[in-house]
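Just below is one structure, and these are the notes that go with it.
The values are calculated or read from the model by the stated rules, or taken from the named source; none is laboratory data. Since the model is a prediction, treat every value here as computed from it, not as a measurement. Glycine gets a Cβ as well: all are built from the backbone with ideal geometry, and neighbour counts include every protein chain shown. Quick note on the areas: whole protein, heavy atoms, side chains included, nothing else; ligands and nucleic acids left out. Shrake-Rupley method; radii C 1.70, N 1.55, O 1.52, S 1.80 Å.
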Amino acid sequence: MSVPVFLSEAAGETGDTIVLDGPEGRHAASVRRLRAGERVDLTDGAGRVAECTVTSAGKDALTAAVLRRYEVPPPRPRLVVVQGLPKGDRGELAVEMMTEAGVDVIVPWAAARCVTQWKGDRAGKSLARWRSTAREAAKQARRFHLPEVTEQAATARVCSLVSAAALAVVLHEEAAEPLSRLTLPDVPGDILVIVGPEGGVTDEEIAGFRTAGAVPALLGPTVLRTSTAGVAAAAVLLARCGRW
């Protein structure tokens, strides 16, 4: 059984003892029911890790002795997925799976054909759910660098991200080149993948992404849901770039 991971800013500090309290402490003590003698890893989410042993546990907090501290370098190249807003709770499903796979940045995209619209109070609540989902999935997957879930992006913003990437790909069912055969860049920089919503990517959006430097690519012979296309594309690219 893998050692559980919890978030704590103290993982990046000094000292031989860490008190884990707040929501993380309550989860560790009350839900996971960790007790004295058990191992736990604490991370600040930015790569710093404290390997610990629980020395005491209360109702909503625990105290842990630090065995050692170390830092995990951020993975390279970074993988960025621009995700068209899916319907219902499929957005959280997409975020969860992409986080577990190792995606570094998730960009919610307000595409032209999105059925779901993030506006007003809904925008803040939806973004908070995506970020909470990413945080919890990262702990489950023992990731010591939390993925970034950015603010919602319009198409113009996505074009800017495309221009700045070392390689930008837009998944499209009519593309001639398979994703698995694209030539990966030999220069530093992000690899970016654009996943359209349920209604697909419009011709205007494709044209704009092409102009910005994106390459249309075919993910496979079947049509995947928008909520699963991102993790499937991530698996292909993470394997090809050597991160898997």
> Once the dipole of the stretch 1-142 is set up with Lys and Arg at +1 and Asp and Glu at -1 on Cβ about the Cα centre, which of Ala137, Ser56, Cys114 lies farthest towards its positive end?
Replying inline: Cys114
>> Cross-link candidates for Lys125: which lysines have Cα within less than 23 Å, leaving aside residues fewer than 8 places away along the same chain?
In response: Lys87, Lys139
> Using alpha-carbon pairs under 8 Å, 6+ residues apart, how would you state the relative contact order of the chain in percent?
Replying inline: 20
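Please calculate how many Å² of accessible area the chain carries per residue, with a 1.4 Å probe and no DNA, RNA or ligand atoms counted.
Dividing the accessible area of the chain by its residue count gives 49 Å².
Please find the FRET efficiency linking Met1 to Ala207, where r is the Cβ-Cβ separation and R0 is fixed at 35 Å, and quote it to the nearest 0.05. Don't jump to the answer; show the numbers that get you there.
Numbers: r = 51 Å, r/R0 = 1.45.
Here the calculated transfer efficiency is 0.10.
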>> Here are a few candidate values for Rg and Dmax of the Cα atoms in Å: (i) 19.9, 60; (ii) 17.4, 62; (iii) 19.9, 65. Which one was actually calculated from the structure I just gave you?
In response: (i)
> Can you give the helix-only mean residue ellipticity at 222 nm for the chain, where every DSSP H stretch with n ≥ 4 adds -39500 (n - 2.57) and the sum goes over all residues, rounded to the nearest 500 deg cm²/dmol?
Replying inline: -9000 deg cm²/dmol
>> Give me the percent of accessible area attributable to carbon and sulfur for the chain, probe 1.4 angstrom.
In response: 50
>> Over the stretch 136-244, what is the relative contact order in percent, taking alpha-carbon pairs closer than 8 angstrom and at least six residues apart?
In response: 32
> Rounded to the nearest 5, what % of the DSSP beta bridges within the chain are antiparallel ones?
Replying inline: 45
> Roughly how many whole Å is it from the C-alpha centroid of the stretch 200-244 to that of the stretch 115-161?
Replying inline: 18
> If you build a Gaussian network model of the chain, linking Cα atoms that sit under 10 Å apart, which residue out of Arg32, Arg48, Arg135 swings the most?
Replying inline: Arg32
